[in-house]
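The values are calculated or read from the model by the stated rules, or taken from the named source; none is laboratory data. In this text, all values refer to a predicted model and were calculated from it rather than measured experimentally. Here the Cβ is made from the backbone with ideal geometry for all residues, glycine too, and neighbour counts use every protein chain on show. Just so you know, the surface numbers come from the protein's heavy atoms only, side chains and all, with ligands and any DNA or RNA stripped out. Shrake-Rupley method; radii C 1.70, N 1.55, O 1.52, S 1.80 Å.
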Amino acid sequence: MIRQAVILAGGKGVRLRPLTLKIPKPMVPINGKPFLEYVIELLKKNGIEEVVILTGYLHEKIEDYFKDGQEFGLKIKYSFSSVEDETGTRIRKAKDLIDDTFLLLYSDNYCPLQLDQLFKFYKKMNKQGLVTVYSNIDNYTKNNMFVNDNGLVEIYDKTREAPRLNGVDIGFFILNKKILDLFPKENFSFEKVILPQLISKKQLSGFLTYHKYYGLSNLERIPVIEEFFKAKKV
């Protein structure tokens with residue numbers, strides 16, 4: 001199994017202003033506690049022993065709250081980089097902290113998945129990367145990926161306009177650390193630069209799920225997220 005999760009948590013959260021003028025997006029309170037705390041509880045429940053949080057904007061708010069992770073039952077480390085750094089750059093700068101196989105996720109997405117199922121599919125597909133793809137059966141958002149019948153991602157379209165798209169990526173990647181060899185030295189986006197390369201090499205599998213996910217992307221979604229956690233008592 002996988003023992004380590006790497007969480008991207010450095011963005012400014014502009015679409016959640018004014019809430020994010022004084023706190024980073026992962027720390028937006030949901031029913032009295034930060035959204036990120038629910039994510040970390042999910043990871044602990046799934047057997048994750050260590051979390052590396054890639055911070056940037058108002059990083060001290062995250063570090064002061066979660067500290068070394070002891071209170072949450074796992075070990076937490078931090079890799080801070082500039083607010084201007086994009087997702088790929090943040091991952092590259094944390095290279096020395098990252099395991100050979102790791103779970104990569106966004107700090108603003110929650111999906112009640114089982115990590116053992118993801119890992120089983122990852123081992124079966126035997127590819128360098130896996131991305132979790134929501135089927136979007138309720139039209140929660142617009143699709144941006146096409147996963148074929150063999151479980152491979154064929155299309156990743158940031159414009160969300162390509163034909164045949166049948167899901168949306170929600171993060172929860174399982175990655176082989178060797179993909180960091182593909183990372184350029186300049187500031188770059190993991191999604192825009194690395195995912196297309198993996199797809200072109202047929203090295204990105206897509207775990208298609210019908211579990212609804214909850215993304216902290218704008219103010220309108222907060223009441224929906226609050227209701228979910230209240231109802232489920234997560």
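For this structure, a couple of remarks:
- Taken per residue, the accessible surface of the range 72-130 reaches 47 Å², heavy atoms only and a 1.4 Å probe.
- Value at 222 nm in deg cm²/dmol, rounded to 500, when DSSP H runs of n ≥ 4 in the chain each add -39,500 (n - 2.57): -6500 deg cm²/dmol
- Highest mean first, the peptides 210-219, 51-60 sorted by other C-beta atoms within 10 Å per residue fall in the order 51-60, 210-219.
- For the range 1-118, alpha-carbon Rg and Dmax in angstrom: 13.4, 40
- Rg(Cα) / (2.2 N^0.38 Å) computed for the range 77-234, rounded to two decimals: 1.05
- A Förster radius of 35 Å, combined with the Cβ-Cβ distance separating residue 67 from residue 117, puts the computed FRET efficiency at roughly 0.70.
- Per-residue SASA remark: residue 1, around 130 Å² accessible (1.4 Å probe; ligands, DNA and RNA not included).
- Of all DSSP-defined beta bridges confined to the chain, some 45% are antiparallel rather than parallel.
- Highest mobility in the GNM of the chain, judged by mean-square fluctuation with C-alpha springs under 10 Å and restricted to 224, 131, 28, is found for 224.
- Square roots of 5 times each gyration tensor eigenvalue, C-alpha, the range 131-220, largest first, Å: 22, 16, 13
- Hypothetical label at residue 185: residues of the range 78-118 whose amide nitrogen lies under 16 Å (7 Å Cα-Cβ projection): 89, 92-93
- Number of Lys-Lys pairs in the range 67-149 with C-alpha atoms under 16 Å apart and a separation of 8 or more places or on different chains: 4.
- Ignoring lysines fewer than eight residues from residue 22 along the same chain, the ones with Cα atoms less than 17 angstrom from its Cα are 12, 33, 61.
- Scaled radius of gyration (Cα, divided by 2.2 N^0.38 Å) that the range 1-41 gives: 1.32
- For the range 56-79, no residue has its backbone nitrogen under 12 Å from a point 7 Å from the Cα of residue 22, taken along Cα to Cβ.
- Between residue 159 and residue 178, the modelled labels are 3.4 nm apart [label points 7 Å from Cα along Cα→Cβ].
- For the pair the range 193-226 and the range 45-101, the centres of their Cα atoms are 20 angstrom apart.
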